[in-house]
Amino acid sequence: MKLIVEILVLLLCMSALGANYVYQGNGSDPDNWFDDANWSEAGGVTNWPAAGDNALFTSELGMTVSQAVPSFNQLQPGRGATNTVTVAAGGVMTNLNQTVVGILDNGEGHLIVDGGTLVTKALRLNVFDANTSVLSPETSFELKAGAVHVNASFGGVNAGDVDFGLNESATMKISGGALTVDNNLDFTAGLLEITGTAGSVNIGNSLNLGTGAGSKTELAFVLGVTGGVTTVFAGSFALQGVSTIKVDGRFAVGQGAQNLILIDLQSDTFEAAEFAVLSNNFSMAGMTGGELSLSADGSQLLFSGAPSEQRPNIIIIYTDDHGFTDLGAHGIDDNVQTPVLDSLVTGGALMANGYSTAPQCVPSRAGLMSGRIQNTFGTRQNGDIWGPHPVPLDVPTIAERLVELGTYRTGMVGKWHLEPPPDTVAGVDYPGVKDDYWPENRGFQGYFRNPVSPYTANFDLSGNTLDPAQSIADARNRVIVQGEAAETFIERNQSEPFFLYLALFGPHLPRMSKTDSYYLNFPELDYPHYSAEMDDIRRLGLGLVWAIDDAVGGVMQKLRDLELEENTLIFFAGDNGAQPKFWDGVPGSTTLGMWTGNENIPLRGEKGSLWEGGVKVPMFAYWKNHIPGGQVIGEPVWTLDFTATVLKLAGGSVPAEFDGVDILPRLTGETNTIVRTKELFWDWGQEIALRDGDWKIHRIGGRKALFNLTDDPYELFDLQYDEPEKFAEMEVKLMARYHALPADGQSPLSDDTPDWYELGAPTNYTADPRFLVPYTSPAPVPYPAPLTVLNDPYADADGDGMTDTAELAKGRNPSNAVDMSFEFNTDGDFEGWDGKILIGDEDYVTNAAVTGGMLVGENIDGNRGQFEHYDFSFSGSEVSNLLMRVGSPVASGLVFRWATAAQNVFAQDRTLLASYETGETNVIVIPVGVHTQWTGQVITQMRLNPANVPAPFAVDWIRASDGDYDDDGVSDSDEDIAGSDPTLSSDFFKIQNNPFVLTETVQVQFSCRADRTYTLLYSADLISNGWIAVDSFTAPEDAHCSVVHTNCENSGFYKVEVSY
C-alpha cells in the first residue's frame, strides 16, 4: 500500500550570500551611490562595492544586513534622503573611517543595530555641513541588541568619538546590547535615552552634554527611567545648557563612583535661568532628601543625596496559618473582613501564585530568614526544632546580612519559632550557646518577641529602651499588641533606613477569647452547610483575621504620619495554609478541637501537605508610587524571593546559594517576567514537590501526580498519563533536587506512605463541608467534584473498566474513557483487571504475571493464548485508537476482538490484526474508530491475544487515544506508518530542515521505519509543475533518514510518500 503523509514544508533556496540586494553602480568608483538607479532589493546575484569604498545611501530602500559584508570606508545612511540601515542578527559591518547618519539637505537617516555588530572609527549624527545644510531632527541611532564599538585604534581625526546633533537635534536610544566608545560621547542637541537592564554603555573618556559649539538648550538626557536600572560608565562628565536630566539607575563617573554625586560643568559661568530649568527637571529615582546646588565658582553641580539615604525602608509581614480563603481581595468568601489588606493589594501587586517554602511554621520561617530552601541545611519540619537546629549559626539570616552591609536598622516583632527547645527537654545537643539562636543574636537589633504575652523586648510600647531586655505582660489581643510594637519600632527608627520583620501570631491556635472585642463585634455567621459549632469557630477565626487587618492598618497609619509611606516597601505573606478542620494529631479524626476557623477553599489540601492548600498563601507587595497598583502577578513567587529582593535593594548581591530571585524589577514594571535558574521545590514530611512554570509534580511516598496549575489550579486531574514526556521531564528535575539535598534534609519516600489527601480529603474520610463552595450557594457544590463517587467504591462513571476510586488514585479522569490506561506498573497488580478477567487458560498461557512494569507470560498455543476483560461500558465514539506497547522475541502478530452491548459476544467481524518486529518492544496502533462495529456502539468486552504464535510475550501498557495521543498534530495512524512513536510529541514525522535555509542544497530529514519505501517529492508552486520525485529509497532499519536535493534554484514545497 502507499500512503502520502500530508506534511508540506516550504523551503527557501537562495544564493549563499543570503541577501536579495543588487548594486548596479560602478564598483571601481570610490563613491558608490546607493540610489534608486543603482540599488535594488530584487533577485539576481548580489554585487557589493569594493572593500574600502564609500556607501552613500540616497535610495529610499535602505538595507538590512544579516551577514558579514565587505568593509566600507564610510557608511552614510540618510544622505539627502530618508532611509534606514539595519544591522540584524548575523550581520557584521566595519567602517574604516566613519559612520555618518543624516547628511546634506533634508537628510534623514536611521541606523539600527538589532543583534548584529558594527565597528566604526567614529559615529556622527546630524553634524555634517553645519552652516549650509538643513537636516531632519528625526535622524536617529538605536541600539537594541548586539554590539557597537567606536574604535579609536583606527586613528585620525574623531577616532573613537561619538558626535550628535551639532547641526540639528538627533535622537540616540540604547535599550539593549553594548555600546563601547573609546574616547568621547559629545551630545549637542536632541534626546539621549539609555534604558533597559540589558543595555550597557562604556565611555573611555568623557560624556559631554550640551558643551559643543552651537549648543542648544533643548537637550534631554534620560537614563533608565523607562526601562530599568542601567549603568553608564564614563571617565568624566560635562554638562551645559541641558533642559532635563532624569536618572534612574547607576551613573558611574570616574574610578569607583557609585552614584551621580558630582557633575563637572567645565564652564566659567552657569546662567541662573539655566540652573533653574535644570534643577526643576532633575530627578534621580531612589534618592531621598537630595537637591541640586551650584558650587560658589559656578563650575560644579552638586547633588546632596548620599547612598545610605537612598535606601527604602522594608517591612515583611508574616501571618501564621493564614489560609488562602481569608484575604478579602481573593473574592472567595464575602464574610472575610480585610479592608486594609485589600487596599494595599489594590495599590500594589497581588501574587496570585504565592508560596511559602513549607506547609509548617518552623521550616517556612527558616527558609524566609535564610533565603534558602531550609532542607539544604537540614531543617525539614517542626520537629527539627528539637534536634538540633532550625537555622544553624553558620547560616546567616537576612538581618545578619543587612547588619553586615551597614545600611539598615533591623527589628523583629512577634513569633520567632526558630529558637532552641527549653532546658526541660532532655537529650538535645545544640551547637553553641542556646541564647545565640534568639532573634537578638541573629542580627535583629530591636525586638519585641514571643507569640503571646509575656513578651521579651528591648523596647516598650512607649518607645523606651530596655537595657537589659525585659519581660512585658500585656493580656490584650496578641496581634494588636504586636502591631503596636511594630509602630513603636518604626517611630524609634524613622530617621534611618530600617528593616522590620513583623511575624503576627494569628490566626494560629489558640483561638482568641469569646470576650475579645474582635469576636463580639464580628457578625454571627450562618453557612448553609456548617453546624452551629462550625459557624462559631469560623467567626473566631475571621475575627482574628480582622484583628490582623487592624494591626496592619496601624502600621500603615504610622508610616503616613511620619511621611514614610512612599519610602517603604511592604511584603505580606502567610507562612503556610490554614490548619485542617478535622484534625487532632491524626488526619481523618472527627474532632474540631484543632481547627482555627480558617479556610483554604478552593485549594486542595491544608497545612501539613504539599498540595496547594498547604503552601499556596495570601501574598502581595506594596510600595506607593514605585509598584504600580492593580497588578496581579500570575507567575509563581515564593517567600525566598522576598529575602533575595530585600538583600539586593539594601545594596547587597544575591548569593549563589539563595533559592529566590530579585523580583523588584517585575513588581515595578521594569521587566515583564521573572527569570529563574532554579525551580520551586519542596520537601516536607514524606512528600516532595516541584513547580516549573505552569507545571507541578507531587510525590507522596511512592505515589506521583502531575498537574498543569494554569489549567487546573485546584489539582483535580493528574496528567502523568496524558503528558508522559512532561511527566518524565518533571520527575527528573524533582528527583535531582531531592538527591541534591543533604541526608538530614531528605524526607523518607517509602512506597507505602499514606496519602492523607489522595482524593481531596483525608484518606477513608467521606466528603465533608470543607470542600463545599461557594459559601453563599443554597445548594453547595461538592469540591472536588470526584469526591461524590466515594460513596460507591465500585462506581465506574466512564465505563472504562476501572473504578472511579482507582482512577482517581492513579490520577485519571473518572468521567472520560479516553484516558483509559492500563500501565501494569506494580508487581502483582493487573490494573483493575485482576479477578475480573480470564487470564488465558493454564493450557495455553503459562507464567502469567505482572512484574517489572510488564504483563508477561508465554503463549503455548497461537490461537488461544489470550486475556479478556468483561467490565467495560463506554461509547466507542469516544475512543479513536487503542495503543498497546508489546514485545516478543519472535516476529509475531496481535489479535484484538471486542463485544458490544448490542452483541455481547466476541465475533470474527469485530476483529483487528497488527504485526510487530522480532525481539523489539513495539507501539501498536489499533484504529478501532474506523470500524463500523466500534463507533457508535457501547463497548462491553475486550479480548487480546498479544502473540499469535507460541512464544513468550510482554505487554508494557494499553492506552486509549482520541486519534492523536501525543497532540503533535500528526495522527496516531500516520505516525505508525511513518515510523515515529505516537506517544511522544518529540518523535513525529516531519521535515526537519530550517524553513529559511540560505543555501542551494536542501537536506530533508525525517524518521523512517525499516523495509518501507520513502519518496521525496518537490513542487515549485503547488500549481503549474505538479510534483517531481527528487529521490526514493527503502530504509534498511528504523532510523532518522536524510535526503539531499541539490537542484533547488527557487523557493519550493516538499512532501513524502511512504510505501510498504
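Taken together, the values in this text are just the output of simple stated rules run on the coordinates, not laboratory data. Every value quoted in this text rests on a predicted model; they were computed, and no experiment measured them. No Cβ is skipped: glycine too gets one built from the backbone with ideal geometry, and neighbour counts run over all protein chains shown.
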Task: Local electrostatic count, Gly541, Cβ distance below 9 Å [Lys/Arg +1, Asp/Glu -1] - done: +1
Task: Relative contact order (%) - the stretch 413-571, alpha-carbon pairs under 8 angstrom, separation at least six - done: 21
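Hey, could you get me the Stokes-Einstein D for the stretch 492-612, Kirkwood radius over alpha-carbon pairs, 25 °C and 0.890 mPa s, rounded to whole µm² s⁻¹?
Estimated via Stokes-Einstein, D reaches 148 µm²/s.
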TODO: Multiply the residue separation of Val890 and Thr180 by 0.36 nm, subtract the distance between their alpha-carbon atoms, and state the gained length in nm to one decimal.
DONE: 248.7 nm
TODO: Would you mind computing, in nm to one decimal, how far apart the modelled labels at Val905 and Ser495 are, each placed 7 Å from Cα along Cα→Cβ?
DONE: 10.1
TODO: Using a Förster distance of 30 angstrom, determine the FRET efficiency expected from the C-beta separation of Val938 and Asp827, and round it to 0.05.
DONE: 0.35
Task: Length-normalised contact order for the stretch 558-671 - Cα pairs under 8 Å, 6+ apart - percent - done: 23
Task: Calculated on alpha-carbon atoms, Rg and Dmax of the stretch 52-171 in Å - done: 12.9, 39
Task: Stretchable slack from Leu405 to Asn521, in nm (0.36 nm times residue separation minus alpha-carbon distance) - done: 37.2 nm
Open item on the list: If I stretch the segment between Ala740 and Leu562 completely, what's the gain in nm (0.36 nm per residue apart, minus their alpha carbon distance), one decimal?
Closed with: 59.3 nm
Task: Residue order, fewest to most surrounding Cβ atoms within 10 angstrom, among Tyr355, Tyr408 - done: Tyr355, Tyr408
TODO: Using the 2.2 N^0.38 Å rule of thumb for compact globular proteins, work out how the stretch 71-132 stacks up: its C-alpha Rg over that value, please.
DONE: 1.10
TODO: First select every other residue whose beta carbon is under 11 angstrom from the beta carbon of Asp561; then total the charges, Lys and Arg +1, Asp and Glu -1.
DONE: -2
TODO: Return the subset of Lys581/Lys616; Lys415/Lys616; Lys514/Lys607; Lys434/Lys678 for which the Cα-Cα distance in this structure is over 27 Å, preserving the input order.
DONE: Lys434/Lys678
Task: Ascending count of other beta-carbon atoms within 10 Å, so fewest first, for Tyr530, Tyr318 - done: Tyr530, Tyr318
Open item on the list: So the label point goes 7 Å from the Cα of Leu393 along Cα→C-beta, right? Which residues of the stretch 437-475 then have their backbone N under 19 Å from it?
Closed with: 437-445
TODO: Find how many whole Å separate the alpha carbon centroid of the stretch 331-378 from the alpha carbon centroid of the stretch 460-503.
DONE: 22
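Net charge near Asp326, counting Lys/Arg +1 and Asp/Glu -1 over other residues with Cβ under 9 Å of its Cβ?
-2
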TODO: Go ahead and run the numbers for FRET between Asp967 and Ser71, Cβ-Cβ distance against an R0 of 41 Å, rounding to 0.05.
DONE: 0.20
